[in-house]
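Everything below concerns the one structure shown next.
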Amino acid sequence: MDSMWWLATLALAFSPSPQPNLEGLMSRVAEEAEILRQNAPRALTVETLEQRALMPPSRFRPRIGKGAAEPVKPRLMVREIISEYSVGTLKESASNNLVEFRQVISVDGRRVQSEEKARHALSLGVTSPDDRIRKRMLEDFARNGLVDLATDYGIILLAFSKRLQENLDTALAGEAQVGTDDAWVIAWKQRDTSAGMLEFRGNQAARRILQGTLMVRKSDGLPLRIEARSEHDKILDEATVDYVLSAHGFLTPVSVIFRHVVDGQLVTENHYRYEPFKMFSAAAEIKFTELQESPSGTAAPPAKK
């Protein structure tokens, strides 16, 4: 009797979970994307970027001795950039899509500007009537020696809004574990570049079709992780974005890992980490507001329309 119970328990433990309704899961994801869209422009955080990049060999080479005969190797460069980070719209953009804004605070431990000055610059960027300020922000970010920048991965969840899901092919792709959570895996692929990821390389900008996997919590369909990749001309760009439910009731990125691979070799790895997001009352004059609690002691829900 005991052996039969044990076998039944094993069979139950290893039996596949009932397949979920894909349409229902995607609808849940779209709901979280909409809540993020409404709340992200009122949020601010500190972003820490650690970049590890292979750079061309030093131009100096010994002319004599053992070093002269050794092959020249690329140099590994490690940089740490700390920035004030926010999300806003470009007012001249016809799409009025949300984009990332950054203002560098320190580079490799060297202070560049105060947090107050960075926040003021962010408020100007968010309310600017044209996109020149954002362009200057990106140029300033790259001026600190960073290479292979890719932007807007932190808010890639917005690509799964109800409207943009019309540009996606999706399919159930199994199960996974994300931290301590059991998750459903959904494979996705964009049909065209209209909602693709904006990529900056030198003075060039391009949008790339993305594909990857979306992992949602089994218990409630909450998006936990988005993996994305694009391939072109022997170049592979891939990113893993982890989300956490903030104290303010909407999903925010907690980390982004971006890898740039050329001809099978990892050239650049960017690791972005985000502190808990704070809310401010207005873009023009950033004032942080304390999280209000309801009479029951729970956090007040995020803004919805």
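Observations
- Screening the range 17-70 for residues that are small (Gly, Ala, Ser), touching a strand residue (DSSP E or B) at 6+ places or on another chain (Cβ under 7 Å) and open to solvent by 30 Å² or more (accessible area, probe 1.4 Å) and picking the one that is modelled with the lowest pLDDT gives Ser58.
- Number of positions in the range 199-209 that are under 20 Å from the mean Cα position of the chain (by Cα) and either closer than 20 Å to Gly24 by Cα or modelled with pLDDT under 70 (or both): 5
- Yes/no for Arg225 being at pLDDT below 95 and open to solvent by 30 Å² or more (accessible area, probe 1.4 Å): no
- Being at pLDDT below 95, buried (at least 17 other Cβ atoms within 10 Å of the Cβ) and among the charged types (D, E, K, R) is a property that Glu166 lacks.
- Residue within the range 176-198 that is modelled with pLDDT under 95, in contact with a strand residue (DSSP E or B) (Cβ under 6 Å, 6 or more places away or on another chain) and within 30 Å of Gln113 (Cα to Cα) present: yes
- Test for Ser106: is it open to solvent by less than 20 Å² (accessible area, probe 1.4 Å) and at pLDDT below 65: no
The values are calculated or read from the model by the stated rules, or taken from the named source; none is laboratory data. Since the model is a prediction, treat every value here as computed from it, not as a measurement. Glycine gets a Cβ as well: all are built from the backbone with ideal geometry, and neighbour counts include every protein chain shown. The protein model used for the area step is the full one, side chains on, heavy atoms only, and it has no ligands, DNA or RNA in it. Shrake-Rupley method; radii C 1.70, N 1.55, O 1.52, S 1.80 Å.
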